[in-house]
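> Got a structure for you, questions after.
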Amino acid sequence: MTVERRHTSRRMSQVVVHGDTIYLAGIVSDEPVSEHAGAQTRNILEKIDRYLAEVGSDRSRILSATIWLADMTCFDAMNAVWDEWVPEGSAPARACVESRLAHPRYLVEIRVIAAR
Amino acid sequence: MTVERRHTSRRMSQVVVHGDTIYLAGIVSDEPVSEHAGAQTRNILEKIDRYLAEVGSDRSRILSATIWLADMTCFDAMNAVWDEWVPEGSAPARACVESRLAHPRYLVEIRVIAAR
Amino acid sequence: MTVERRHTSRRMSQVVVHGDTIYLAGIVSDEPVSEHAGAQTRNILEKIDRYLAEVGSDRSRILSATIWLADMTCFDAMNAVWDEWVPEGSAPARACVESRLAHPRYLVEIRVIAAR
């Protein structure tokens, strides 16, 4: 099966496609990073929409999502945005846990595996 | 390849099947949640057995498992139950790390990817 | 699709192959464990090279990588080794977060999914 990579730097690719399975990197919010977990989540989910569209998929085809929160107190703010964004009936398998992220300004990081 | 979802809420699906690959959500213990990591692990693994059975798989077909412990002091209690549960010769690739979970009463969360 | 397991103990397999997809366990450094995150990363990546070679793959075929750091202060030391190791143009989708690991001497744990 072919492997296709997009937005590839020395360190990582943002998108890797293997056959019918799409692996995205852990996505954090773009600069300037909001101090609000909800705003960061919205920005992250917009980026996921764009990346999936580039490889012929969309948010209704997400299989699995991992959500890392720098502090679990962000849980409700993240979920308010997440729950609106997920297409009804197409929610992925999901895990959400607390981990400090690469920079303290990041409150949310989301990684998904999707179907083409 | 088809995508099949089960136990789907607004927020997540507990089971997503893509072709021959099964993605489960991060599973925590049912209410009332025991204070003991071993009992939580036993309940989680029973749920994983049930979810896998629903889609024609079982614990001998697990490919990868992620185990999050709210506190690494639960490591031995979780492993005592895990080691008994895993079928001999069929243990999955596994990673176990410490992360605070969605609610403080949860000590263990387990997510698996399995083969149909 | 067939499932092939290698280096299988009671608790986990280091390598699981499902069709064209390879799941490795979360890999930590071998004993004696260096106190330096860079040296641990180098040892881990050598182990990943060996495991992938055993099943007919290599570091240019990695799809997704999860990196757990016991302390995010190890980020630069880990990345210095990682960036040299990744083949140019073939970097995987990657997420790097902070989690305490099974033993305090472990500073880095890396898990990959790769294509055969």
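> Need the failing condition index for A:Ser90 against (1) in a loop (DSSP other than H, G, I, E, B); (2) over 25 Å from B:Ser64 (Cβ atoms); (3) modelled with pLDDT of 95 or more; (4) not hydrophobic (A, V, I, L, M, F, W, C), just the number.
Only one criterion is unmet by A:Ser90, namely (2).
> Filter region C:84-116 for residues that are of a type in the set (Asp, Glu) and over 21 Å from C:Asp30 (Cα atoms) and give the result.
Here is the first cut: in region C:84-116, the ones of a type in the set (Asp, Glu) are C:84, C:88, C:98, C:109.
Scanning region C:84-116 gives a single hit, C:Glu88.
> Please state which one of B:Arg59, B:Arg6 is surrounded by fewer than 18 Cβ atoms within 10 Å (Cβ to Cβ), away from chain C (no Cβ under 12 Å) and among the charged types (D, E, K, R).
On the way: B:Arg59 fails: surrounded by fewer than 18 Cβ atoms within 10 Å (Cβ to Cβ).
Selected residue: B:Arg6, the only one of B:Arg59, B:Arg6 that is surrounded by fewer than 18 Cβ atoms within 10 Å (Cβ to Cβ), away from chain C (no Cβ under 12 Å) and among the charged types (D, E, K, R).
> Right, next: Of the conditions (1) over 12 Å from the mean Cα position of the chain (by Cα); (2) assigned to a strand (DSSP E or B); (3) touching a residue at least 24 places away in the same chain (Cβ under 8 Å), C:Gly38 satisfies every one except a single condition; which number is it?
C:Gly38 satisfies all of (1) over 12 Å from the mean Cα position of the chain (by Cα); (2) assigned to a strand (DSSP E or B); (3) touching a residue at least 24 places away in the same chain (Cβ under 8 Å) except (2).
> Moving on. Output the residues belonging to region A:9-35 that are part of a loop (DSSP other than H, G, I, E, B), at the interface with chain C (Cβ under 7 Å from one of its Cβ atoms) and within 28 Å of A:Asp71 (Cα to Cα).
Within region A:9-35, A:Arg11, A:Met12, A:Ala25, A:Gly26 meet the criteria.
> Here is a follow-up. What's the total number of residues in region B:80-97 that are more than 13 Å from the chain's Cα centre (by Cα), surrounded by fewer than 23 Cβ atoms within 10 Å (Cβ to Cβ) and on the phi < 0 side of the Ramachandran plot?
So the answer is 6.
> Right, next: Here are B:Val33, B:Val28: which of them is touching a residue at least 60 places away in the same chain (Cβ under 8 Å), within 24 Å of B:Glu98 (Cα to Cα) and surrounded by fewer than 18 Cβ atoms within 10 Å (Cβ to Cβ)?
On the way: B:Val28 fails: surrounded by fewer than 18 Cβ atoms within 10 Å (Cβ to Cβ).
The match here is B:Val33.
> Residues of region B:63-89 being farther than 17 Å from A:Ser99 by Cβ, of a type in the set (Ser, Thr, Tyr) and more than 7 Å from chain C (Cβ to nearest Cβ), which ones?
Passing the criteria: only B:Thr73.
The values are calculated or read from the model by the stated rules, or taken from the named source; none is laboratory data. Computed from a predicted model, the values in this text were never measured in an experiment. Methodologically, a virtual Cβ is constructed for each residue, glycine included, from the backbone with ideal geometry; neighbour enumeration extends over all protein chains shown.
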